[in-house]
Protein chains: 2
Amino acid sequence: MPKLGMEPIRRQALVKATIAEIGQHGTLDVTVSQIARRAGMSSALAHHYFGGKEQIFVAAMRYTMGVYAAEVRGALTMAQGSKERIEAIVRASFSSRNFRSETVAAWMNFYVLAQVSPEARRLLNVYHRRLRSNLAQGLKPLLGARGEAAASRVAALIDGVYLRQSLGEGEPNGPRAIRQVLEYVHLELGERR
Amino acid sequence: MPKLGMEPIRRQALVKATIAEIGQHGTLDVTVSQIARRAGMSSALAHHYFGGKEQIFVAAMRYTMGVYAAEVRGALTMAQGSKERIEAIVRASFSSRNFRSETVAAWMNFYVLAQVSPEARRLLNVYHRRLRSNLAQGLKPLLGARGEAAASRVAALIDGVYLRQSLGEGEPNGPRAIRQVLEYVHLELGERR
DNA sequence: TTTTTTATTGATTGACGCGTCAATAAAAAC
DNA sequence: GTTTTTATTGACGCGTCAATCAATAAAAAA
């Protein structure tokens, strides 16, 4: 009973199932069958639409990063002023849509995937560049030449907080993470307590 | 031609080979045979001494963390004064013995391992606690109550710098990483430029 | 209505890897 | 000098999994 136009639906179902499966196992060590079963289809169909396992992973990665990028973009359009822009980026990074245990686990594993798949590495580099550039754009007006270095540090801190979250049990605490990073940003901006 | 007392030698060879292999592949996706071959023995012997793959990984993790801990301890005994202690920890974290691409890759994968192996998770938690406690010990005399939060941030930043290094090609740049983290520490200590 | 295209899967294949075991050999203990 | 212990490996069984394929079925096109 094949309904037509299934491809995009199947693809999205697979991508979401992939993230869920990686999140649950905490590893890329998940089988195509597991992913396909969770997405409600046979593994053969997964291969049909994606070609292979690695491509499924890369698609999941692209999707995750797309969601994140959209979130940041959205937050940025609402922000006016350099400081507000930075805070918007940080808030978006730890918004409840991104900062859930599933996504955190997936994200960490994308770093591993990037060691193996050139395409994944490319994607991760795009994310890095964008994040740094976005932060620098907000920081440079306030810090001048020091803005670039500060942006690198903030970016690293964000990733570090993500990484550390992967060890914490239970759902990640977004607000706490935001406070943690923003406290550093405020320090960088010379606001003493 | 079995020489006696081989066990410790074999174990160490396997552990080092494991780190090298993970470093080269960037993944835990390495076979026991590959590890054993690199260590100059049969895979059967690896199983004989370690019991299984996961235990080999955990041993490699314990070893890596042991080297790191020793490095930090050594640097701490030479340091006097709170600020010096903090700088010593940071320097040790990015010393050329720890901050090489092989070790960075291994370290990242230990985070993945910790999602699967309870023992690995325990080890990583020990590392986290120790690092934070060491940093807090140096920061509290200088920052008072704020020291704890600052220690968390510095710890996260260190991990973040490690993570980001895993994407950079070529050997990690230790001095640069040290500068990056110390700049933040100095900021935290209220030293404006 | 026949043909083609799209959707879908069960079954299969081929490879690979972990862990085991029996067998060999040298040292140590007796 | 026999026995036990320690070291070591090749071979292999058993399971798993990615990927393929042939077969089925429904829609669309001709």
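The values are calculated or read from the model by the stated rules, or taken from the named source; none is laboratory data. What you see is a predicted model; the values in this text were computed from it and never measured. Quick reminder, even Gly has a Cβ in these numbers, built from the backbone with ideal geometry, and neighbours come from all protein chains shown. We work out accessible area using only protein heavy atoms, side chains counted, and drop any ligands, DNA or RNA first. Shrake-Rupley method; radii C 1.70, N 1.55, O 1.52, S 1.80 Å.
If you take every residue apart from A:R97 with its C-beta less than 15 Å away from the C-beta of A:R97, what net charge results, scoring Lys and Arg +1 and Asp and Glu -1? Before the final figure, lay out each step's value.
Numbers: positive: A:K16, A:R73, A:R91, A:R100; negative: A:E71, A:E102, A:E171.
Net charge around A:R97: +1.
Closest approach of a chain B beta carbon to the axis mapping chain B onto chain A (residue, whole Å): B:G160, 1. Counts of other chain beta carbons within 10 angstrom of each beta carbon in peptide A:108-117 average 5.
Inter-chain Cβ neighbour count for A:25-38, averaged per residue, equals 2 (cutoff 10 Å, partner chain atoms only).
Per residue, chain B exposes 46 Å² of accessible surface when a 1.4 Å probe is rolled over the protein heavy atoms with every protein chain present. Once the Cβ-Cβ distance of B:S33 and A:H47 is raised to the sixth power relative to R0 = 30 Å, the FRET efficiency obtained is 0.60. Relative to the other identical copies, A:E191 shows label-point distances of 2.5 nm, where the label point lies 7 Å from Cα along the Cβ direction and values run shortest first.
When you count the other C-beta atoms within 10 angstrom of each residue and take the mean per peptide, B:151-159, B:4-12, A:147-155 line up highest first as B:151-159, A:147-155, B:4-12. Expressed as a whole percent, the accessible surface of the stretch B:1-158 that belongs to carbon and sulfur atoms is 53, based on a 1.4 Å probe.
According to the square roots a ≥ b ≥ c of the eigenvalues of the Cα gyration tensor, what is the shape class of the stretch B:114-167, taking rounded for a/c under 1.5, prolate for a/b larger than b/c otherwise, and oblate for the remainder? Because a/c hits 1.5 or more and a/b fails to exceed b/c, the stretch B:114-167 counts as oblate.
Does the stretch A:17-127 come out rounded, prolate or oblate, given a ≥ b ≥ c as the square roots of the eigenvalues of its C-alpha gyration tensor, rounded meaning a/c under 1.5 and, failing that, prolate meaning a/b above b/c? Prolate shape, in that a/c is at least 1.5 and a/b is the bigger ratio.
With its label point defined 7 Å out from Cα along the Cα-to-Cβ axis, A:Q24 lies at 3.6 nm from the matching points of the other copies, in increasing order. Sorting the Cα pairs of the stretch A:131-193 by distance into bins of 5 Å, from 0 upward, gives 4, 18, 25, 22, 15, 9, 5, 1, 0 percent per bin. Averaging 1/r over every pair of different alpha carbons in the protein assembly as shown and inverting the result gives a Kirkwood radius of 22.2 Å.
With contacts taken as Cα pairs under 8 Å and at least 6 residues apart, chain A reaches a relative contact order of 20 percent. Taking a ≥ b ≥ c as the square roots of the eigenvalues of the Cα gyration tensor of the stretch B:58-103, is the shape rounded (a/c under 1.5), prolate (a/b larger than b/c) or oblate? In terms of gyration-tensor shape, prolate. In percent, rounded to a whole number, the relative contact order of the stretch B:56-135 is 31, using alpha-carbon pairs under 8 Å and six or more apart. In summary, the lysines within cross-link reach of B:K16, defined as a Cα separation below 29 angstrom excluding same-chain residues under 8 places away, comprise B:K3, B:K53. Shown in residue order for the stretch A:65-81 are the 3J(HN,Hα) couplings computed by the Karplus curve 6.51 cos²θ - 1.76 cosθ + 1.60 at θ = phi - 60°: 5, x, 4, 4, 4, 5, 4, 5, 4, x, 5, 6, 5, 7, 9, 10, x Hz (x for Gly and Pro).
Taking Cβ atoms as reference points and 9 Å as the exclusive limit, the residues near A:D159 contribute a net charge of 0, counting Lys and Arg as +1 and Asp and Glu as -1. Take each residue of peptide A:160-171, count the partner chain Cβ atoms within 10 Å of its Cβ, and average: the result is 5.
Counting every alpha-carbon pair across chain B, the share separated by more than 30 Å comes to 27%. Whole-Hz Karplus values for the stretch A:36-43 come out as 5, 4, 4, 7, x, 8, 7, 5 Hz, taken residue by residue from phi with 6.51 cos²θ - 1.76 cosθ + 1.60 and θ = phi - 60°; glycine and proline positions read x.
Neighbours of B:L28, meaning other residues whose beta-carbon lies under 13 angstrom from its beta-carbon, give a summed charge of -3 when Lys and Arg score +1 and Asp and Glu score -1. Dividing the summed helix terms, -39500 (n - 2.57) for each DSSP H run of n ≥ 4, by the number of residues in the protein assembly as shown produces a 222 nm estimate of -25000 deg cm²/dmol to the nearest 500.
Here is how far apart the A:E119 label points are across copies: 3.7 nm, shortest first, using a point 7 Å from Cα toward Cβ.
Residue order by solvent-accessible surface for A:T27, B:T77 is B:T77, A:T27, largest first, with ligands and nucleic acids left out and a 1.4 Å probe.
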